[in-house]
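What follows is a set of notes on a single structure, which appears directly below.
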Amino acid sequence: MALTQHQPSSSISIPRDIFPDGLKTTGQHPPLPEHIHPFEKFPTEITGPTVWKPEEYRDNPEKWTHQFTEAEIEELSVAADEFLRNKIPMTGISKSNFPLPNLSTRLHELRSDLLDGKGFILFKGFPVEKWGNHKSAIAYMGLGTYLGYFVSQNSRGHVLGHVKDLGEDPTQIDSVRIYRTNARQFFHADDSDIVGLLCIHRAREGGESDLVSSHHVYNVLAKERPDVLKTLTEPIWYFDRKGETSKGQEEYIKTSVVYLERGENPRVYTKWDPYYVRSLTRFSDAGIIPPLSAAQVEALEVLEATCNRVKLHMILEVGDIQFLANSHVLHARTAYVDHAPPTPRRHLMRLWLATPENEGGWKLPFWDSNEKKRGGIQVDDQAPVAPLDAE
Ligand SMILES: [Fe+2]
């Protein structure tokens, strides 16, 4: 039986033969209307550790980089070997079957810094070449379980994503996910609380990473273009599901771009991807939804331009893992060109991790804020899979 959309998972039984860890990704939803607030309720300025300028970090990589120690790699290696010996499906990985007695302390601190601090970190020295894709994927997913619950990233149930150019046409933006192309990505957030990228192979050129504190961007806009900020807080934006739609769902979600958390002292939460907003002409041309207004088009251009002024540039080397918090960091990547065969193409393994509200995550304005696997992309009862390469 297909599970309906708005049932807390505690009230229903999740079929273990489909979802080995007993948890199902909840997917994307419009916000609850009572949690959409007028612009006047938003702060005039955001302060605290989530607000940062690139100058603070550009020449100080030690503030955001952690080189894995030999002992940490050994701990990950032992846990991954044991997991392999136990023949547990990768989609069943959890803290309990992937023990990290020492590294877990550091990961716990990192999780706080991701959720409530600057919102990003770069790990270096994951031995992907020595371990190969299978063991690397297990160690990476196992490490990820200490930051959040992995969620499905597409309609096929991929909980281990592969960012790779599959030759799909990036101009077909209503059906093609840009991570499967070599096209540039504008500043956006992924559909999860945390996103991880593990670099397996680099491109010949390009494919470099940029990130911004969306709270700093907010402050810049509040000073320079409050009209743009106001447009971004209005629930007038349609986001495409790009066909990754469960039975009974609309093909798009009507929502705002900038929200407030629920409860006391709400933080500003940003959820944005211009590709998903621009791809809906098949519905606006047919008169089903309104086209973007002039104010919306200007808002998305000003947002992108502002991000470009305050971005931190980062290059992922083989064996690097970047983790970002989508709540208050936006990211982009440059277009790239792959090496000619037989040199492997650019390949990043991607994790989308969920951090439910009752485990320290943000108080989101969605019905599933307390669900362990909140967010992500789930189509009907598609089972999770963790392929070792793009498919
Ligand atoms: Fe992304």
>> For segment 160-176, which positions are over 14 Å from Tyr336 (Cα atoms) and of a type in the set (A, V, I, L, M, F, W, C)?
In response: Leu160, Ile173, Val176
> Among (1) within 14 Å of the ligand (Cβ to nearest atom); (2) of a type in the set (Val, Ile, Thr); (3) out of contact with any Lys or Arg (no Cβ under 8 Å at 6 or more places or on another chain), where does Val159 come up short?
Replying inline: (1)
> Glu72 passes all but one of (1) over 21 Å from Asp21 (Cβ atoms); (2) surrounded by fewer than 16 Cβ atoms within 10 Å (Cβ to Cβ); (3) not β-branched (Val, Ile, Thr); which number fails?
Replying inline: (2)
> For segment 223-250, which residues satisfy the criterion of being at pLDDT below 95, over 19 Å from Trp367 (Cα atoms) and touching an Asp or Glu at 6+ places or on another chain (Cβ under 8 Å)?
Replying inline: Asp240, Lys242, Gly243
>> When you scan segment 172-194, do you find a residue that is more than 30 Å from Glu251 (Cα to Cα) and either surrounded by 20 or more Cβ atoms within 10 Å (Cβ to Cβ) or within 16 Å of the ligand (Cβ to nearest atom) (or both), even just one?
In response: no
> Across segment 106-139, what is the number of residues that are touching a strand residue (DSSP E or B) at 6+ places or on another chain (Cβ under 9 Å), of a type in the set (Gly, Ala, Ser) and assigned to a helix (DSSP H, G or I)?
Replying inline: 2
> What single numbered condition from (1) surrounded by fewer than 18 Cβ atoms within 10 Å (Cβ to Cβ); (2) in a loop (DSSP other than H, G, I, E, B); (3) out of contact with any Pro (no Cβ under 9 Å at 6 or more places or on another chain); (4) modelled with pLDDT of 95 or more fails to hold for Leu388?
Replying inline: (4)
> Just for strands (runs of 3 or more DSSP E) wholly inside segment 142-247: which have at least 2 residues that are farther than 30 Å from Phe83 by Cα and within 16 Å of the chain's Cα centre (by Cα)?
Replying inline: 185-188, 209-213
>> Against the conditions (1) modelled with pLDDT of 95 or more; (2) more than 30 Å from Leu110 (Cβ to Cβ); (3) touching a Lys or Arg at 6+ places or on another chain (Cβ under 6 Å), where does Leu292 fall short? Just the number, please.
In response: (3)
> Right, Lys87: farther than 30 Å from Asp240 by Cα, surrounded by fewer than 10 Cβ atoms within 10 Å (Cβ to Cβ) and not β-branched (Val, Ile, Thr) or not?
Replying inline: yes
>> Tell me which helices (runs of 4 or more DSSP H) are completely within segment 250-333 and hold 2 or more residues being over 27 Å from Leu197 (Cα atoms), or say none if there are none.
In response: 281-284, 294-309
> Given the structure, is Tyr218 among the aromatic types (Phe, Trp, Tyr) and either within 14 Å of the ligand (Cβ to nearest atom) or within 29 Å of Gly132 (Cβ to Cβ) (or both)?
Replying inline: no
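Can you find a residue in segment 324-332 that is surrounded by fewer than 20 Cβ atoms within 10 Å (Cβ to Cβ) and either away from the ligand (no atom under 16 Å from the Cβ) or closer than 30 Å to His201 by Cβ (or both)?
yes
The values are calculated or read from the model by the stated rules, or taken from the named source; none is laboratory data. None of these values were measured; they are calculated from a predicted model. Counting neighbours? That spans all protein chains shown, and the Cβs are built from the backbone with ideal geometry, glycine included.
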